[in-house]
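Written below as structure tokens is the structure these notes are about.
The values are calculated or read from the model by the stated rules, or taken from the named source; none is laboratory data. Note that this is a predicted model, so its numbers are computed, not measured. In this analysis, Cβ positions are derived from the backbone assuming ideal geometry, glycine residues included, and neighbour counts consider all displayed protein chains. In case anyone asks, the SASA skips ligands and DNA or RNA and just uses the protein heavy atoms, side chains included. Shrake-Rupley method; radii C 1.70, N 1.55, O 1.52, S 1.80 Å.
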Amino acid sequence: EGQVGSRTFRLPSGTRVKLFYPTTRDATTNSMDGSHNNMAPYCTDGKQTANGMAKLVGFQALGLTFLLSHLSSASSGCFQNAPIDNTTNANENSQLPLLIYSHGFGGNMDMASYLFRTMASKGMILAALEHTDGTASSTVLPNGDERTLNEYFMTSRQQLTRRASELLEAAEFLPKELGQNDAIEVGTIMLGGHSYGAPSAVMAANGANAESNIAGVILHDPALGMGYGMLPPNGAKGKVPTISYVSDEYHKNKVRYGDCTIHIRGCKHGNFVDAPLWAPIWIMRLMSLVIPVAGFS
């Protein structure tokens, strides 16, 4: 696998984005003494992020927040603020595909860092959004205030609309930003999402104008029941080519969406957010209980 860099910044609206991208091997060392550059943390806000994740799985209420405290000092395995390398693809024009990703209910831009690092190492850019609609386990607003998980911050339909608008904002802003600041030309633009992030991506793709250049959608365990009547039903096809990957739980409940649905045997809902790498199996089972399969009760 190739080396991966990471950086965080904000969209014009203030929404935070964590970028994962291929970087050069030379960029990962200091040219003066050969020492390694800083590794980006797994949790952008350290203990604050880890505590938000502990609250999601019920540890805070039980006084067991410490069980996830190790995440506050864990490494993402990405080199912080390293330059983007556009020579990892065989593509003649050196374009890099861009996947803009929406986290699930109670997620954040850090929670799938290992998955995104692996994808970026293959020669693509991953932009993980941290939504401001109250469904992130924790996010920091432009004024420095923390906004923690609050399902009543907006109505369900307002949340989904906010999430979709943030994805579309990123699809418009990021190619320009990468071109101006990094001289990177973005090729294929895709939207993606896990759980509640899936209906967010579908709504954004269906509502995008022709100039958006969104070429496809990638979904992980799409919680279709959280579309609140604003999206096509289970089994439908999207406006743009769509592929869904589903865990054993979602496959058992016959979740299907898009042009192709692939069942990953042995996969749990938490596999798409690195859970097996930082949490024991019983925590993963708790995560499956936070949102019923496919968003249906």
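Residues that are touching a residue at least 60 places away in the same chain (Cβ under 8 Å) and either surrounded by fewer than 20 Cβ atoms within 10 Å (Cβ to Cβ) or among the acidic types (Asp, Glu) (or both) within the range 247-271 are absent altogether. Against the definition (open to solvent by 10 Å² or more (accessible area, probe 1.4 Å) and at pLDDT 65 or above), how does residue 276 come out, yes or no? Yes.
Flag not set for residue 244, criterion: in contact with an Asp or Glu (Cβ under 6 Å, 6 or more places away or on another chain) and closer than 20 Å to residue 274 by Cβ. When residues in the range 1-21 are screened for being surrounded by 17 or more Cβ atoms within 10 Å (Cβ to Cβ), outside any strand (DSSP E or B) and hydroxyl-bearing (Ser, Thr, Tyr), 1 of them pass.
Residues that are touching a residue at least 24 places away in the same chain (Cβ under 8 Å) and among the aromatic types (Phe, Trp, Tyr) within the range 99-153 comprise 101, 105, 114, 116, listed in sequence order. Among the residues making up the range 54-112, those that are at pLDDT 80 or above and aromatic (Phe, Trp, Tyr) are 79, 101, 105.
Looking at the range 168-187, is at least one residue in contact with a strand residue (DSSP E or B) (Cβ under 6 Å, 6 or more places away or on another chain), under 23 Å from residue 269 (Cα atoms) and open to solvent by less than 20 Å² (accessible area, probe 1.4 Å)? No - not one qualifying residue is present in the range 168-187. Number of residues in the range 236-246 that are part of a loop (DSSP other than H, G, I, E, B) and open to solvent by 50 Å² or more (accessible area, probe 1.4 Å) equals 3. Look at (1) open to solvent by 50 Å² or more (accessible area, probe 1.4 Å); (2) in contact with a helix residue (DSSP H, G or I) (Cβ under 6 Å, 6 or more places away or on another chain); (3) modelled with pLDDT of 95 or more; (4) basic (Lys, Arg) and you find that residue 163 fails only one, number (1). Return yes or no: is residue 104 at positive phi and either part of a loop (DSSP other than H, G, I, E, B) or crowded, with 21+ Cβ neighbours inside 10 Å (or both)? So residue 104 does not fit the description; no. The residue of the range 188-221 that is most open to solvent (accessible area, probe 1.4 Å), among those that are touching a Ser or Thr at 6+ places or on another chain (Cβ under 6 Å) and not in a loop (DSSP other than H, G, I, E, B), is 215.
Taking the range 37-55 as the range and being open to solvent by less than 10 Å² (accessible area, probe 1.4 Å), touching a residue at least 24 places away in the same chain (Cβ under 8 Å) and over 13 Å from residue 149 (Cβ atoms) as the test, the residues that pass are 40, 42, 43. Residue 231 - would you say it is outside any helix (DSSP H, G or I) and either in contact with a Phe, Trp or Tyr (Cβ under 8 Å, 6 or more places away or on another chain) or among the hydroxyl-bearing types (Ser, Thr, Tyr) (or both)? No. When we screen 82, 128 for residues that are within 19 Å of residue 15 (Cα to Cα) and surrounded by 22 or more Cβ atoms within 10 Å (Cβ to Cβ), the only hit is 128.
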